[in-house]
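Data block below; observations after.
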Amino acid sequence: MRDPGLLLVDMLTWLAQQKAAPLRIVECGTIRHPSFEGHEDGLATYHLARWIAKQRHTPHEFYSFELTAGHLKACQAFLRDDGLDDYVTFGLGDADLLLEHFCQPIDLCYLDAGASPVENLSQYRRAEKWLRPPGMMVIDDVFDPRNADRGLVTVPYARLEGHKVACIAGRLALISFGVDDYPLPADSYWLQPGDPMLLKFRDDTRYCANCHCAEHSDVHTGRFKDAPNQFLRNMVCDNFVPKPEVRE
Ligand SMILES: C[S@@+](CC[C@H](N)C(=O)[O-])C[C@H]1O[C@@H](n2cnc3c(N)ncnc32)[C@H](O)[C@@H]1O
């Protein structure tokens, strides 16, 4: 499989053509293993900075948010060796908070911080309010067997919001904010209702224990008493509207 960082570069190249304007890119989770050898993470910070450096004539902006000061400093030094550190604005802190207060439009947001599905959903919800269509939300480690739970609640949540979601190269999730026509790379496809992959996310199943709503599936309908995984069981919906009491 191609490096996730290179798959992101393909997406940016396409977005830049579509928009013909400078892009604003946010990555949550900076490189933690700054080496070209034996890494599994994808070196996205490096590949994105390199892409921006090549587009010298277009003032794209790239932000990378990182919780651990040591990772951030090591990544800065790694990029500096290739003269790329000036192409990244680093933010030290919790991605959740940094996203919440970002207050600028984002064209591509890459969520690659923390393994918890609930944390991921929180980051998604904070980032989506700044997403400027046509735009992309990309999450790493959603479909690969290595560490594939990160999208467990974000994928069904995004689908309930009406976004198309693609499985990219058996690993990344691409959530479309008006980019349904993006030509997907090899080994990638848009998830369709009934796709066996969706069984993992259970978003074809109705589990609402509050209103037993027949029209909605999973996340936005409330608590999931009988749901098959703890993340869905603990979900509480912001939009929850109790079913009106039926009086005979
Ligand atoms: C998988 S690595 C990121 C890899 C990088 N994107 C790449 O392509 O090489 C995850 C990083 O997210 C950071 N992280 C974990 N939780 C975070 C949070 N809540 N906010 C910001 N960064 C976080 C970790 O310290 C770690 O450096």
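Put in order of Cβ neighbour count within 10 Å, fewest first, the listed residues Leu67, Leu99 become Leu67, Leu99. Ranked by how many other Cβ atoms sit within 10 Å of their own Cβ, fewest first, the residues Cys103, Cys109, Cys167 fall in the order Cys103, Cys167, Cys109.
With all pairs of different C-alpha atoms in the average, the Kirkwood value for the hydrodynamic radius of region 115-199 is 12.8 Å. Name the shape class, rounded, prolate or oblate, that the alpha-carbon gyration tensor gives for region 4-193, where a ≥ b ≥ c are the square roots of its eigenvalues, rounded holds for a/c under 1.5, and otherwise prolate holds if a/b is larger than b/c and oblate otherwise. Rounded, since a/c falls under 1.5. Residues Trp51, Trp14, arranged from fewest to most other Cβ atoms within 10 angstrom of their Cβ, appear as Trp14, Trp51.
The per residue volume of the convex hull around the alpha-carbon atoms of region 68-127 is 97 Å³.
The convex hull defined by the C-alpha atoms of region 97-149 has an orientation-averaged projected area of 3.6 nm².
We did not get these values from a lab; they are worked out from the coordinates using the rules stated. The model shown is predicted, which means the values in this text are computed figures rather than measured ones. No Cβ is skipped: glycine too gets one built from the backbone with ideal geometry, and neighbour counts run over all protein chains shown.
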